[in-house]
Amino acid sequence: MLEIDRIDTFYGESHILRGLSFQVAQGEVVCLLGRNGAGKTTTLLSIMGYVAPRSGSIRLRGRPIHARPAYEIARSGVGFVPQERGIFPSLSVRENLTVFARTFPGARWTLQRVYEVFPRLRERERNLGFQLSGGEQQMLSIARALMLNPDLLLLDEPSEGLAPMIVHEIIQVMRELKKEGLAILLVEQNLHTALAIADRHHVINKGEIMFTGTSAELEADESVKSRYLAV
Ligand SMILES: Nc1ncnc2c1ncn2[C@@H]1O[C@H](COP(=O)(O)OP(=O)(O)O)[C@@H](O)[C@H]1O
Ligand SMILES: [Mg+2]
C-alpha cells in the first residue's frame, strides 16, 4: 500500500529525516515509535505532501506521490489524523464530518456508519468543534478522516493526553478498522498503545529507523526500549 524509500526531509537547512525507509502492506497496522523530536510527525507530513522530501521516493499502491500536492494525496485515499487534531472550532460536528467527505458508489463510510462507530458524535451532532472534550475531538478527527473513505489511515499520537478509557475506545475502533482491511500507520510514543494494536513496529530516532520488528521482538528488546523509547 505504502512504500517509503530512502527519503531525506529538511526544514530549511535542518536535515530531519535521514534515508528513511519502511513499508505498510494492505490491511496491516504499522507503528512508528520514537521519542519527542525523533521525526515521527515529519514522516507523516512528508507522506501527506506538506513537507516535500528532498530525495527518495514515496509510493502509494506503486504510484509515486512524493511530488504531488497534499489535497491530491488525500483524494487518492490517504486519511490523515494530525497530532493537533485539526477540528474546525466554529463548525458543528456534522459540518466537520461532511466538509471534506469523499464518497463514491459502494463507499464504506457514510455519516450514518460513522455515527454507528462513534455514537457519541451523533449525540454531539449539533455542537460546535470548540465545545467538545479532548476525547470527542480526537474521535471527530478520526471520523472525519474516515469520511474520505481512505485505503490508508495515518494517525499522529491519537492517545496523547487522553484518559485511559478513551484510549481504550480508540484502540477498539482501530481494531475494527483493521478487520475491514484498512492499512494503518500509527505514530506513538506510548509503547503500550503500540503493542495493543500494531503488527509491526519501526523505532525512529534522529530521523533514522533504528529497529524494525514484531510486537514480541520489540517487547523482548530491552536495549531498544531503554535507548529510544521513554519506558
Ligand atoms: N517547522 C519546523 N521547522 C524547523 N524544525 C522543525 C519544525 N518542525 C519540527 N522541527 C524539528 O524536527 C525534528 C523532528 O520533529 P517532529 O517530526 O515533530 O518529531 P516528533 O513528531 O517525533 O516529536 C525536531 O528536532 C524538531 O525540533
Ligand atoms: Mg510529533
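The values are calculated or read from the model by the stated rules, or taken from the named source; none is laboratory data. Please read all numbers here as calculations on a predicted model, not as lab measurements. Because the Cβ atoms are built from the backbone with ideal geometry, glycine has one as well, and the counts that use them run over all protein chains shown.
Here's the yes/no breakdown for (1) in contact with a Gly (Cβ under 7 Å, 6 or more places away or on another chain); (2) within 16 Å of ligand 2 (Cβ to nearest atom); (3) in contact (Cβ under 8 Å) with a residue 24 or more places away in the chain; (4) not hydrophobic (A, V, I, L, M, F, W, C):
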{"residue": "Asp8", "(1), (2), (3), (4)": "yes, no, yes, yes"}
{"residue": "Phe22", "(1), (2), (3), (4)": "no, no, yes, no"}
{"residue": "Leu32", "(1), (2), (3), (4)": "no, yes, yes, no"}
{"residue": "Gly56", "(1), (2), (3), (4)": "no, no, yes, yes"}
{"residue": "Leu60", "(1), (2), (3), (4)": "no, no, yes, no"}
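Here is a yes/no grid of residues against (1) in a helix (DSSP H, G or I); (2) in contact with an Asp or Glu (Cβ under 7 Å, 6 or more places away or on another chain); (3) small (Gly, Ala, Ser); (4) modelled with pLDDT of 95 or more:
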{"residue": "Arg94", "(1), (2), (3), (4)": "yes, yes, no, yes"}
{"residue": "Leu97", "(1), (2), (3), (4)": "yes, no, no, yes"}
{"residue": "Ala101", "(1), (2), (3), (4)": "no, no, yes, no"}
{"residue": "Pro105", "(1), (2), (3), (4)": "no, no, no, no"}
{"residue": "Tyr115", "(1), (2), (3), (4)": "yes, no, no, yes"}
{"residue": "Glu125", "(1), (2), (3), (4)": "no, no, no, yes"}
{"residue": "Gln137", "(1), (2), (3), (4)": "yes, no, no, yes"}
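Please list, ordered by first then second residue, the pairs with beta carbon atoms under 7 Å, 6 or more apart or interchain, first in region 66-88 and on the phi < 0 side of the Ramachandran plot, second basic (Lys, Arg). Final answer for the pair search is Arg75/Arg102.
Of all the listed residues (Arg18, Arg54, Arg63, Arg75), the sole one being charged (D, E, K, R) and touching a Leu at 6+ places or on another chain (Cβ under 9 Å) is Arg75. In the set Arg75, Arg35, only one residue is among the basic types (Lys, Arg) and within 13 Å of ligand 1 (Cβ to nearest atom); that residue is Arg35.
All told, Tyr71 meets the bar of being assigned by TED's automatic domain parsing to the domain that holds His168 and among the aromatic types (Phe, Trp, Tyr). The residues of region 147-180 that are away from ligand 2 (no atom under 16 Å from the Cβ) and not in a helix (DSSP H, G or I), listed by number, are Met147, Leu148, Asn149, Pro150, Asp151, Leu152, Leu153, Ala163, Glu180. Just a yes or no: is a residue in region 137-146 over 20 Å from Met48 (Cα atoms) and either charged (D, E, K, R) or in contact (Cβ under 8 Å) with a residue 60 or more places away in the chain (or both)? So far as region 137-146 goes, no, none of its residues is over 20 Å from Met48 (Cα atoms) and either charged (D, E, K, R) or in contact (Cβ under 8 Å) with a residue 60 or more places away in the chain (or both).
Scanning region 115-138 for residues that are over 17 Å from Lys178 (Cβ atoms), crowded, with 17+ Cβ neighbours inside 10 Å and not charged (D, E, K, R) yields Tyr115, Leu121, Gly129, Leu132, Gly135, Gln137, Gln138. Restrict the check to region 156-171 and report whether at least one residue is within 16 Å of ligand 1 (Cβ to nearest atom), in contact with a Leu (Cβ under 6 Å, 6 or more places away or on another chain) and touching a residue at least 60 places away in the same chain (Cβ under 8 Å). Within region 156-171, one or more residues are within 16 Å of ligand 1 (Cβ to nearest atom), in contact with a Leu (Cβ under 6 Å, 6 or more places away or on another chain) and touching a residue at least 60 places away in the same chain (Cβ under 8 Å).
Going by the conditions given, is Arg144 within 22 Å of Ala183 (Cβ to Cβ) and in a loop (DSSP other than H, G, I, E, B)? Answer is no for this residue. Tell me, please, whether a residue that is outside any loop (DSSP other than H, G, I, E, B) and modelled with pLDDT of 95 or more can be found in region 82-91. For region 82-91, residues outside any loop (DSSP other than H, G, I, E, B) and modelled with pLDDT of 95 or more: absent.
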